[in-house]
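Derivation of every value follows stated rules applied to the coordinates shown; laboratory data play no part. Note that the structure is a prediction, hence the values are computed from the model and not measured. Here the Cβ positions follow ideal geometry from the backbone for every residue, glycine too, while neighbour counts run over all protein chains shown.
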Amino acid sequence: MEEIRLIVDGKRLDGRGFEELRPIKIEAGVLKRADGSCYLEMGKNKVVAAVYGPREVHPKHLEDPSMAIVRYRYSMAPFSVEDRKRPGPDRRSIEISKVSREALEPVIMKELFPRSAIDIFVEVLQADAGSRTACLNAASVALVDAGIPMRGMVTSVAVAKVDGVLVLDPMKEEDYYGEADIPFAFLIRNGKIESITLLQMDGRVTAEELRRALELAKKGAMQIYQLQRDAIMRKYIREEEVVE
Ligand code: CDP
């Protein structure tokens, strides 16, 4: 097999430095019919999140008398990947939906809404590695946009090991041909990283590399967090202008 070099002259294939995120664009409140929404681009990933709730639970038997239930659906559009993806849920989407819900649940004040549901739908329109991290970042903004009381913000980013070095926010080539891919999500409260709510890995790293990957992911997450906050602020400023 032909060897693929992912680092050339100290730069990544897309020209980024090792600790550099892809360009990120976030816009809150893009859908009229959802209670909260967000469009987000992270490099070539394009995703849209819609939040409904708190609302009545259907089917009724899923109701929890002590708190809201949270549902999360990650879904890839058939045209989002190179080989057309078969529509509908597959094992990968079901797993991503589950871990993403668990990454977000600690931040949502579920106890305030017994017997209700908070539904989060995230659609991947275009994928280029790290789509689960892009979706979590969008979902978090959409939750705030929906006015759901939150303990903070969830921010997500991956670190990969490619050609023996750790790089932030891998794109597709780095994810495919790299030695490891490690997506993280963090709960950020009052501007500080409080806990890790998602950590996955495929591939192989040393324990020391994993420690450094965590530090690098934290740095990246703090930058994304600022952009999430900016997007929410912009939405509120827009609303104020409309009211006036
Ligand atoms: O997107 P993420 O990194 O969270 O998940 P992954 O399972 O590691 O997938 C990495 C990338 O593979 C995706 O972002 C897509 O670009 C691509 N992929 C694909 O081409 N076809 C699929 N059915 C699933 C993923």
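To make sure I understand, if each residue's beta carbon is the centre and we count other beta carbons within 10 Å, what order do Val107, Val144 fall in, fewest to most?
Lowest count first: Val144, Val107.
If each of Glu95 and Val165 carries a label point 7 Å out from its Cα toward its Cβ, how far apart are those two points in nm?
Modelled inter-label distance: 3.0 nm.
How long is the gain from Glu27 to Gln226 if the chain were fully straight, where each residue apart is worth 0.36 nm and the alpha carbon distance is subtracted?
Full-extension gain reported as 70.3 nm.
Pairs Lys60/Lys235; Lys85/Lys219; Lys172/Lys218; Lys46/Lys219; Lys85/Lys218: which are spaced more than 24 Å apart, C-alpha to C-alpha?
Exceeds cut-off: Lys60/Lys235; Lys85/Lys219; Lys85/Lys218.
Could you size up the charge dipole of the chain around its Cα centre, putting +1 on the beta carbon of Lys and Arg and -1 on that of Asp and Glu, and report it in debye to the nearest 20?
520 debye
At a 10 Å Cβ-Cβ cut-off, how would you order Leu166, Leu31, fewest neighbours first?
Ranking Leu166, Leu31 by Cβ neighbours within 10 Å, fewest first, gives Leu31, Leu166.
Tell me which of Val57, Asn45, Leu125 sits at the most positive position along the dipole axis of the range 16-243, charges placed on C-beta atoms (Lys, Arg +1; Asp, Glu -1).
Of the listed residues, the answer is Val57.
Amide H of Met76: which non-local residues (sequence gap of 5 or more, or other chain) have their own amide H closer than 5 Å, using H built in the peptide plane?
Amide H neighbours of Met76: Val124.
Rounded to whole Å and ordered largest first, report the semi-axes of the equivalent ellipsoid of the range 16-243 derived from its Cα gyration tensor (root of 5λ).
So the three semi-axes of the range 16-243 are 28, 19, 18 Å.
Exposure proxy check: Thr206, Thr197, Thr155 ranked by fewest other beta carbons within 10 Å?
So the residues, fewest neighbours to most, are Thr206, Thr197, Thr155.
Let's test the formula: R0 of 25 Å, r as the Cβ-Cβ distance of Asp9 and Tyr177. What FRET efficiency results, to the nearest 0.05?
0.90
If R0 is 25 Å, what FRET efficiency do you get for Gln200 and Glu19 from their C-beta distance, rounded to 0.05?
That pair, Gln200 with Glu19, gives E of 0.75.
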